[in-house]
Structures are given as C-alpha cells and as structure tokens.
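As structure tokens, the structure follows; a few thoughts come after it.
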Amino acid sequence: MVPISGNPLAAVFVAAALALPGPVVRIEGLRDAALSWHIPQPVFAMRGLRLVMDAGRKAPPGVKIAREVMRTNPRLDSVDALLLGADVLAAARTSELHPPFLAATLLQESAFDPSAVSSAGAIGIAQFMVPTAEEYGVDPWEPRDAIRGAARLLSAYVARYRNRDEDPYALALAAYDAGPGAVARYHGVPPYAETRDYIIDVRDRWSRIVGR
C-alpha cells in the first residue's frame, strides 16, 4: 500500500502512474518521489512522465510555475518543482500577492535554489540578507519559510507604493533589490542599471508564467 493519506500530491502521482500504458509501474520509486523533498535518482516510475513540461496554456497556476522553475533550474526534479510551486501559491494567496509575480521574483533571485548565496551575502531561495531575515523572523535557508517571508515582504512593499504615480510592482521590486531606502531617496525606481534590469527581467519571467 502506498502511503498517500494526507498527501494529495502523492495521490495525484499514483493515479497518473497507474493510468499510464506500458510496463509495470515501480510503486516503491513513485512512493519515494511523491513523499520526499529531494528526489532520489533515478525514479523509474517518473521516466517519460512529462505532466509538467507538456502541460498547455490551460494548466493550473502551480503547474505553470513549476514548468518555469524546471526551465530555469534543470537540477530540480518535477516533483520538487511542483511542491515549490504549491508553496508559492499558498504563500502568495495568504499575502494577497499575485502568485506568478512572486514566482518570477524568486526565479530571478535564485532560480529556486535553496542553497544560493550571492557575492553580497544574500542567502537562500529568496536571497534574504541576514538582518532582513531576522526582522521578518525568516529562516533564509528553509525554502518554504523563505518563500512565505518573501511573499510577506513583497506584499508589504506593493501595499506601501500602491497610491504612488509609478507602478507599485516596479517600486516593490526596486525595494526588494536595492532597498526601500533607495526608493525613498530617489522618489521612485533608483537610477541603478542593475535594479532597472532586474525589474525588466522579473517582468519578463512574470509574463512567461502567465502567458504559457
């Protein structure tokens, strides 16, 4: 018996695998794939199963996010990408943030790499600096906690800049990248080439998630 109680994602993969024609499904590999964070390689039950990459334009938001995660970071397995996509959906909805916007920001920050460290000392999947992580009570190394923290922070920035003349999402991204002090100092998006390119790149990723 595959232990799927309380794990809807596990149930989805078991049902999908059992519906596939061809050789006998390796239930033990599928079980491990559905229940673990780091997917053991190879997982024979998942070979040829492209439920994420082959999903069309009408795919659910979590699948669209997972697809872009896998395109950006091919080291992540489809199951890990789906789990991270589900975490993004939950965190964004709790913080009243557009999920693809949150996903695009995290893609630009770290390509959804939980172990990413920048030259400036930003840490983890959401690239928190240590003081910011402490202020928001976030463990930057823990992916789900960092995703929730990034959602809260971006949502707070969007709300802060909503009544400004400039696009609040652009200002929120500028604050996330360069700090809210820089946004206040320049009364808008600061004239830093890196920050302006960052906003363009996030918008491009955001549109790809929504449009594909």
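Observations on the structure shown:
- Filtered residues of region 116-141 (kept if hydrophobic (A, V, I, L, M, F, W, C), surrounded by fewer than 18 Cβ atoms within 10 Å (Cβ to Cβ) and in a helix (DSSP H, G or I)): Val130
- Odd one out for Ser118 among (1) within 21 Å of Val158 (Cβ to Cβ); (2) over 14 Å from the mean Cα position of the chain (by Cα); (3) small (Gly, Ala, Ser): (1)
- The residue list Arg144, Arg152 contains one member that is in a helix (DSSP H, G or I), in contact with an Asp or Glu (Cβ under 9 Å, 6 or more places away or on another chain) and farther than 19 Å from Arg205 by Cα, which is Arg144.
- Selected residue (only one of Ser155, Ser119 is at pLDDT 95 or above, within 25 Å of Leu84 (Cα to Cα) and of a type in the set (S, T, N, Q)): Ser155
The values are calculated or read from the model by the stated rules, or taken from the named source; none is laboratory data. Bear in mind the structure is a predicted one, so any value in this text is a computation, not a measurement. In this analysis, Cβ positions are derived from the backbone assuming ideal geometry, glycine residues included, and neighbour counts consider all displayed protein chains.
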